[in-house]
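Remarks on the structure that follows.
The values are calculated or read from the model by the stated rules, or taken from the named source; none is laboratory data. The shown structure was predicted, so the numbers you read here are calculated from the model rather than taken from an experiment. Don't worry about glycine lacking a Cβ; one is built from the backbone with ideal geometry, like all the others, and counts go over all protein chains shown.
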């Protein structure tokens, strides 16, 4: 069962109903047996009283009776001397003492009693259906309150179990409000004994995670220094080698391209690590996507101009709550992707639109686009359409769009791919939900 409270309530109520049923069944059987004794004692008392009645001539006429009890009185000669109106003429009981017999269309509890003093025999009978009806009415009156009180018991159990699970709800609330980078220990006042091992294990896990993330942060910082330094040294040596080798030396040109690709790969791997939502300590602020995009376009305008590409920025301000560094990387990678794979003289457009429930950012181009078969893989790490020998001739490592996806997750935004304007090229759209855009600021 998915709900612990529901499981406890259903289990307790089931046990309570089972115990009450067994107790009621036992009480019913015991009460019926006791009622049987009382009714039999009443028949015995009436038989003793009737057997002592002196027989006179008026006794020969039937005596009035009720519908649930009849009697017969036989004299010392064994002849029927007196009977009730509804009693038959023949013996209503064949055996001495108590027995059960059928006559007049009913089942009867009968008593045959012989008075040794005057020789009279009395046979008296009581309808069993009326006897049981009366006994069951008395017994049910004592059982019904037990059944009626079950809903009240269910409500009380619900409240008691809810109070007992309050610590679990408090713990869930604390964990729900924890930020992704908050790995501090959890503590609850007056912690129940049963919950103490859970909190201790959870705090131990948080401590190990914090240690693990700290090691990764150190690795990131060390890798940034240890990898960038030798790459910079290699680039410097390559620059010096230009004076010793011909300008169009193919080996030297290939080496320069490989070093540039290696430097780009290192930077992208470090950015990927830094922008992972679980690791990245984002600091959100209110910022304008249009202003950020305009700044990045201005910084890289020389590259667009070099390929004779035109780039336009359309739309409104697009104010969102986000991390400036992360959103800058996202826009930079989307624009770099469009720049690399759009042909010379191509067109790139950045559109920002603020709707009633979201802010939409779209970066589109009129380049060659990609086939439907590989669209599902472009966000995979290290996957690059066409591999290292892409038709554009641009170098890449296949991490740019993975970083964009991670940053979108960091801002709870969704990213999608479609064809560019007029069905030409490729467009990436990032949608920032309005509930998150303003929810982090209020």
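For segment 156-166, check the following and say yes or no: at least one residue is part of a helix (DSSP H, G or I), out of contact with any helix residue (DSSP H, G or I) (no Cβ under 9 Å at 6 or more places or on another chain), closer than 30 Å to residue 38 by Cβ and without any contact (Cβ under 8 Å) to a residue 24 or more places away in the chain.
No, that holds for no residue.
Would you check if residue 435 is surrounded by fewer than 20 Cβ atoms within 10 Å (Cβ to Cβ), assigned by TED's automatic domain parsing to the domain that holds residue 344, modelled with pLDDT under 85 and at negative phi?
yes
I need the full set of residues from segment 285-299 which are in contact (Cβ under 8 Å) with a residue 40 or more places away in the chain and crowded, with 17+ Cβ neighbours inside 10 Å, in order please. Give the steps one after another, and end with the answer.
Start the filter on segment 285-299 by keeping residues that are in contact (Cβ under 8 Å) with a residue 40 or more places away in the chain, which leaves 286-287, 289-290, 293, 297.
Result: 287, 289, 290, 293, 297.
For segment 314-335, which positions are more than 17 Å from residue 408 (Cβ to Cβ) and loosely packed, with under 15 Cβ neighbours inside 10 Å?
Step one: of segment 314-335, the residues more than 17 Å from residue 408 (Cβ to Cβ) are 314-317, 319.
Within segment 314-335, 314, 316, 317 qualify.
Being in contact (Cβ under 8 Å) with a residue 60 or more places away in the chain, within 43 Å of the chain's Cα centre (by Cα) and either assigned to a loop (DSSP other than H, G, I, E, B) or over 17 Å from residue 378 (Cβ atoms) (or both) is the filter here, so list the residues in segment 320-348 that pass it.
Across segment 320-348, the qualifying residues are 320, 321, 322, 323, 326, 327, 329.
What do you reckon, is residue 137 in the same structural domain as residue 21 (by TED's automatic domain parsing) and either at pLDDT 80 or above or surrounded by 12 or more Cβ atoms within 10 Å (Cβ to Cβ) (or both)? Give the derivation first.
On the way: in the same structural domain as residue 21 (by TED's automatic domain parsing): yes; either at pLDDT 80 or above or surrounded by 12 or more Cβ atoms within 10 Å (Cβ to Cβ) (or both): no.
Against the criterion (in the same structural domain as residue 21 (by TED's automatic domain parsing) and either at pLDDT 80 or above or surrounded by 12 or more Cβ atoms within 10 Å (Cβ to Cβ) (or both)), residue 137 does not qualify.
Kindly evaluate residue 100 against the criterion of being under 22 Å from residue 130 (Cα atoms) and either crowded, with 17+ Cβ neighbours inside 10 Å or touching a strand residue (DSSP E or B) at 6+ places or on another chain (Cβ under 8 Å) (or both).
Values: under 22 Å from residue 130 (Cα atoms): yes; either crowded, with 17+ Cβ neighbours inside 10 Å or touching a strand residue (DSSP E or B) at 6+ places or on another chain (Cβ under 8 Å) (or both): yes.
Spelling it out, residue 100 is indeed under 22 Å from residue 130 (Cα atoms) and either crowded, with 17+ Cβ neighbours inside 10 Å or touching a strand residue (DSSP E or B) at 6+ places or on another chain (Cβ under 8 Å) (or both).
When segment 179-213 is examined, which residues are found to be modelled with pLDDT under 75 and in a helix (DSSP H, G or I)?
213, the sole residue that qualifies.
Are any of the residues in segment 261-277 in contact with a helix residue (DSSP H, G or I) (Cβ under 7 Å, 6 or more places away or on another chain), more than 30 Å from residue 322 (Cβ to Cβ) and at pLDDT below 80?
For segment 261-277, residues in contact with a helix residue (DSSP H, G or I) (Cβ under 7 Å, 6 or more places away or on another chain), more than 30 Å from residue 322 (Cβ to Cβ) and at pLDDT below 80: present.
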